[in-house]
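Trainee: Below is the structure I would like to discuss, written out as structure tokens.
The values are calculated or read from the model by the stated rules, or taken from the named source; none is laboratory data. Here the structure is a predicted model, which is why all the values come from computation and not from measurement. Cβ sites come from the backbone with ideal geometry, for glycine too, and all protein chains shown count toward neighbours.
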């Protein structure tokens, strides 16, 4: 019930926004015949109200994942298109308001004025029609991001230089995926194809750095068998992300349902064969030599949960020459690791998704998310410590990707 007032307020805002857009469109197309206007009105409002109803059902009912995805796609595209129109509609209204004020002041100065010069309607038509054209831009690009980008998995290869790496580990390979968000998927064949790409690289061990689901553990049920195929000779190690705790569904306070949801999450990792590290560590051994694999629960800044306890994760690891840390949120690196834990050689994160929008080239990358996260995609280094941020395997909210494509990272560990 805690979310209901917010959802109702959002629906009222969306309906008011719809009324504003509807009136602007109808005002421009005055030459429509009555029947045409009537059909447009019925279609416009039927679609809008049905979409709002669908969002309610998606939140409160256990809909098929595909149906829920279709509703979210339609809702996201509709809102994006109307937001693109908004500046033009506001500009036109401000222009009209300025003209009215100017005319009233002119009449006040000249009481007997009979100035009846009409405002050329073509300007309003131009602005509103320009808004419609502007709405087509996000519709086209975001639609393409759904059709082409959502499952266009990219393998990124990174040489990870670790000066203290034991000789037995020199040249060994490691894979990383992050932010699966299985509750957003709608194409099992494509998801399976991405897993096959990862396995085709034959990494010696694999990291999964959190956010298996969006809200509830049961979202992974249709994809559990696919991700259970992720195997590696030296093991698959995982950590939890901010979405895996059920906080966004059950709230921050503990409850029996929330406790069970988290227990189910831990069980799913076991069933899939992932070694889930919750503020703990493992020793990875090759030919008698060892490195440390550390993993903590989510440690975020601001509104994101901070369940991680580094003091537990590093316990009894002082003798290990190299320590690799799984920590979902990259802000943890600058927020705690660099300051207090210089023994961590490299940290592996996800979380940002690269905002699923931007540009990633070999020598240049940009995304709006960089104004929120200093480290948001790729490899970073400060003194002797490194951080790699994977932009994610899945998607959340917008069911696609533009420019920042889903990532499978393959690291080659090297001494120099």
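Trainee: Could you check, for region 235-245, whether at least one of its residues is in the same structural domain as residue 329 (by TED's automatic domain parsing), farther than 12 Å from residue 176 by Cα and free of Cβ contacts under 8 Å to residues at least 40 places away in the same chain?
Mentor: Looking for residues that are in the same structural domain as residue 329 (by TED's automatic domain parsing), farther than 12 Å from residue 176 by Cα and free of Cβ contacts under 8 Å to residues at least 40 places away in the same chain, one finds none in region 235-245, hence no.
The rows are residues; the columns are (1) surrounded by 13 or more Cβ atoms within 10 Å (Cβ to Cβ); (2) at pLDDT 85 or above.
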site	(1), (2)
117	no, no
128	yes, no
135	yes, no
142	yes, no
166	yes, yes
195	yes, yes
207	yes, yes
224	yes, yes
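Trainee: State the number of residues belonging to region 278-309 that are touching a residue at least 24 places away in the same chain (Cβ under 8 Å) and under 26 Å from the mean Cα position of the chain (by Cα).
Mentor: Adding up the residues that qualify gives 15.
Trainee: Name every residue in region 381-397 that is surrounded by fewer than 24 Cβ atoms within 10 Å (Cβ to Cβ) and either in a strand (DSSP E or B) or outside the structural domain of residue 160 (by TED's automatic domain parsing) (or both), in order of residue number.
Mentor: Hits for region 381-397 are 381, 382, 385, 386, 387.
Trainee: Within region 275-288, track down each residue that is out of contact with any helix residue (DSSP H, G or I) (no Cβ under 6 Å at 6 or more places or on another chain), part of a loop (DSSP other than H, G, I, E, B) and crowded, with 16+ Cβ neighbours inside 10 Å.
Mentor: Passing the criteria: 277, 278.
Trainee: Sticking with this one: Could you tell me which numbered condition residue 250 fails, if it satisfies all but one of (1) surrounded by fewer than 17 Cβ atoms within 10 Å (Cβ to Cβ); (2) without any contact (Cβ under 8 Å) to a residue 24 or more places away in the chain; (3) under 22 Å from the mean Cα position of the chain (by Cα)?
Mentor: Going through the list (1) surrounded by fewer than 17 Cβ atoms within 10 Å (Cβ to Cβ); (2) without any contact (Cβ under 8 Å) to a residue 24 or more places away in the chain; (3) under 22 Å from the mean Cα position of the chain (by Cα), residue 250 breaks only (1).
Trainee: Count, please, the residues in region 230-252 that happen to be within 13 Å of residue 327 (Cα to Cα) and part of a strand (DSSP E or B).
Mentor: Selection size over region 230-252: 2.
Trainee: I've got another one for you. Counting only residues that are in contact with a helix residue (DSSP H, G or I) (Cβ under 7 Å, 6 or more places away or on another chain) and assigned to a loop (DSSP other than H, G, I, E, B), how many does region 289-305 have?
Mentor: Number of matching residues: 6.
Trainee: Could you list all residues from region 324-380 that are under 30 Å from residue 292 (Cα atoms), in contact (Cβ under 8 Å) with a residue 24 or more places away in the chain and either part of a helix (DSSP H, G or I) or not assigned by TED's automatic domain parsing to the domain that holds residue 305 (or both)?
Mentor: 331, 332, 333, 334, 335, 336, 337, 338, 340, 353, 354
Trainee: Give 191, 236 a once-over and let me know the one that is surrounded by 16 or more Cβ atoms within 10 Å (Cβ to Cβ), at pLDDT 95 or above, under 30 Å from residue 259 (Cβ atoms) and in contact with a strand residue (DSSP E or B) (Cβ under 7 Å, 6 or more places away or on another chain).
Mentor: Only one candidate qualifies: 236.
Trainee: Quick check on my filter: what residues within region 86-115 are at pLDDT below 75 and either within 24 Å of residue 11 (Cα to Cα) or not in a helix (DSSP H, G or I) (or both)?
Mentor: The answer is 110, 111, 112, 113, 114, 115.
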